[in-house]
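Colleague: First the structure, then my questions, so here it is.
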Amino acid sequence: MPHTALVTGGNRGIGLAICRRLGRSGLDVVLGARDTERGRRAAASLGPAAVRVEQLDVADPDSVEACAKRLAAEGVQVDVLVNNAGIYPTTPFFDLSEETMADSLQVNLLGAYRTSRAFVPGMVDRGYGRVVNISSTGGRMSGGGPGPAAYGIAKAALNALTLVVAHSVPFHVKVNAVCPGWVRTDMGGSGAPLTPDQGADTAVWLATLPDDGPTAGFFQDRRPITW
């Protein structure tokens, strides 16, 4: 029986590329999207892979809970969780409103917190799990510290969450973070050097790690990088 992967923010960009590659790798895919119709259109572009679309707004705790309940009621077990949903505010710190800061934390940090709490316990109980948090070198504390304020702070906190969750579960549940690089998406812009498929590569590798694969790591181009 194939494993099932839930990808948040799966209807475009890196998230959609991750869905496509996981489907081609033989996994069943749950494509999470805030807008269900956009999610369905995105899923239709993936071809014959087994894709289920779920309404999922990670900034809304009720939405996360409702998604988890729907999947459980239909016997869908999430074995792989890719926390891809994110926003990229770039306002300088002293111009940054509390609302924008809160929005960044809600999506970039608390979204992964909520989904991890909803789906990781089942992985622990079943003896298998992979969690991949899409982070950024803009969230690491080495090499000059976080960059753009609200985004960098939230991604640094996401890196901390990665370590906390990894050390809270047995070794058979792998929890890692990844920097996909600068990718040509709505967030990355048209001048970025990487395609979404290239940006998805390390995330898909981490989502399909063997039993002796790494955990509690931060990776780019399939290599560990400093936090």
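The values are calculated or read from the model by the stated rules, or taken from the named source; none is laboratory data. Here the structure is a predicted model, which is why all the values come from computation and not from measurement. Note that each Cβ is placed from the backbone with ideal geometry, even for glycine, and that neighbours are counted across all protein chains shown.
Colleague: What's the number of the condition Cys67 fails, among (1) of a type in the set (A, V, I, L, M, F, W, C); (2) buried (at least 21 other Cβ atoms within 10 Å of the Cβ); (3) assigned to a loop (DSSP other than H, G, I, E, B)?
Modeller: All conditions are met except number (3).
Colleague: Can I ask one more? In this structure, is Val76 under 25 Å from Val169 (Cβ atoms), buried (at least 24 other Cβ atoms within 10 Å of the Cβ), modelled with pLDDT of 95 or more and β-branched (Val, Ile, Thr)? Walk me through how you get there before you give the answer.
Modeller: On the way: under 25 Å from Val169 (Cβ atoms): yes; buried (at least 24 other Cβ atoms within 10 Å of the Cβ): no; modelled with pLDDT of 95 or more: yes; β-branched (Val, Ile, Thr): yes.
When the stated conditions are applied, Val76 does not pass them.
Colleague: Tell me which residues, restricted to region 15-64, are surrounded by fewer than 17 Cβ atoms within 10 Å (Cβ to Cβ), more than 17 Å from Asp79 (Cβ to Cβ) and hydroxyl-bearing (Ser, Thr, Tyr).
Modeller: Of everything in region 15-64, those that are surrounded by fewer than 17 Cβ atoms within 10 Å (Cβ to Cβ), more than 17 Å from Asp79 (Cβ to Cβ) and hydroxyl-bearing (Ser, Thr, Tyr) turn out to be Thr36, Ser45.
Colleague: Tell me, please, whether a residue that is part of a helix (DSSP H, G or I), touching a strand residue (DSSP E or B) at 6+ places or on another chain (Cβ under 7 Å), over 23 Å from Thr100 (Cα atoms) and of a type in the set (Ser, Thr, Tyr) can be found in region 181-204.
Modeller: Checking region 181-204: at least one residue is part of a helix (DSSP H, G or I), touching a strand residue (DSSP E or B) at 6+ places or on another chain (Cβ under 7 Å), over 23 Å from Thr100 (Cα atoms) and of a type in the set (Ser, Thr, Tyr).
Colleague: OK, next. Among the residues of region 203-213, is there at least one that is touching a residue at least 40 places away in the same chain (Cβ under 8 Å) and either surrounded by fewer than 17 Cβ atoms within 10 Å (Cβ to Cβ) or on the phi > 0 side of the Ramachandran plot (or both)?
Modeller: Yes - at least one qualifying residue is present in region 203-213.
Colleague: While we're here: If you check Thr185, Thr195, Thr226, Thr162, which single one turns out to be closer than 22 Å to Met123 by Cα, in contact (Cβ under 8 Å) with a residue 12 or more places away in the chain and either surrounded by fewer than 18 Cβ atoms within 10 Å (Cβ to Cβ) or not aliphatic (A, V, I, L, M) (or both)? It would help to see each step written out before you state the result.
Modeller: Values: Thr185 fails: closer than 22 Å to Met123 by Cα; Thr195 fails: closer than 22 Å to Met123 by Cα; Thr226 fails: closer than 22 Å to Met123 by Cα.
Exactly one residue qualifies, and that residue is Thr162.
Colleague: So, one more: Of everything in region 177-207, what is β-branched (Val, Ile, Thr) and over 14 Å from the mean Cα position of the chain (by Cα)? Give them in sequence order. Walk me through it before giving the result.
Modeller: Step one: filter region 177-207 for residues β-branched (Val, Ile, Thr), giving 178, 183, 185, 195, 202, 204.
Selection gives Val183, Thr185, Thr195.
Colleague: Going by the conditions given, is Met101 surrounded by fewer than 23 Cβ atoms within 10 Å (Cβ to Cβ) and touching a Pro at 6+ places or on another chain (Cβ under 9 Å)?
Modeller: Criteria met by Met101.
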